[in-house]
Structures are given as structure tokens and as C-alpha cells.
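Heads up, the thing below is written out as C-alpha cells.
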């Protein structure tokens, strides 16, 4: 399922980026990405894919693109297929009790957020991260 979803997102994004001449950017700099461990890189890749998918909805003319969110489930065990996925769907505006959040704007904003999430992953927990875009175009992560 994860592979199918990834292929669909990749095909969708390649179509959007070719048709709209869009550049997919990352929330971390090249140097930050290289200094991350495998788990942080995986989280960064998931978030970049989520943000690109949400921006793709806007580029394709979706008038209610802001009503969508991406949900990432990630665990320390990369081979656990049920605990590692990315999904896009309608936003659930239900506040989560004891939720933490972090906002990343531009390059290098994401690394701080990923380090905070990494603490929970080190404890062996599967973390569910909700990714949205705010009105300024910044990425808002909540978990």
C-alpha cells in the first residue's frame, strides 16, 4: 500500500512539476540533510512529500486546498509497513489533547522540528505527524 501511495504521489508531483514548472523544495538545507541520521532523513523526506502534495492541490486549481492535511505515521523500525506511511485527506479540525507543534518556514526551519519529533521516536513510539500549510505558506507540524 505504501509503495502504491508513493508511486501515485510521485507520478502526481512529476506531472504537476512538469506542467507548472514547480520546484520541490526541502525544509532543510543540504548540509543539515547530510548531517541527519537515517530516521531523521526519512522523516524529512516524508514531510517534503507531504508539503509538495499539499502545494500540488493548490497548483491544480483546488479552491479548497487549505481544507486538506497530510498525515505521516513513522516509527523507528523502517521495515514496519503499517507504522510508516503518508496520507493526504480532508483536514480534521479536532484539537488533540497534549499535542505538540512546530512551524517551519523556508529552508533550515524543519531540522529543529525533526529533532523534537526524534526524541519520541527514540523512545520506541510510533509518531503520527499532521502536516498543514498556514496562510503564510509555512509548514505546520503537529504530533
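In summary, residue 99 fulfils each of the numbered conditions (1) surrounded by 12 or more Cβ atoms within 10 Å (Cβ to Cβ); (2) over 18 Å from residue 26 (Cα atoms); (3) in contact (Cβ under 8 Å) with a residue 24 or more places away in the chain with the single exception of condition (1).
Quick test for you: out of 140, 128, pick the one residue that is at pLDDT 90 or above, farther than 21 Å from residue 24 by Cβ, in contact with a strand residue (DSSP E or B) (Cβ under 9 Å, 6 or more places away or on another chain) and surrounded by fewer than 19 Cβ atoms within 10 Å (Cβ to Cβ). I'd like the intermediate steps shown before the answer.
Values: 140 fails: farther than 21 Å from residue 24 by Cβ.
Checking each option against the conditions leaves just 128.
The values are calculated or read from the model by the stated rules, or taken from the named source; none is laboratory data. From a predicted model like this one, the values you see are computed outputs, not experimental measurements. Counting neighbours? That spans all protein chains shown, and the Cβs are built from the backbone with ideal geometry, glycine included.
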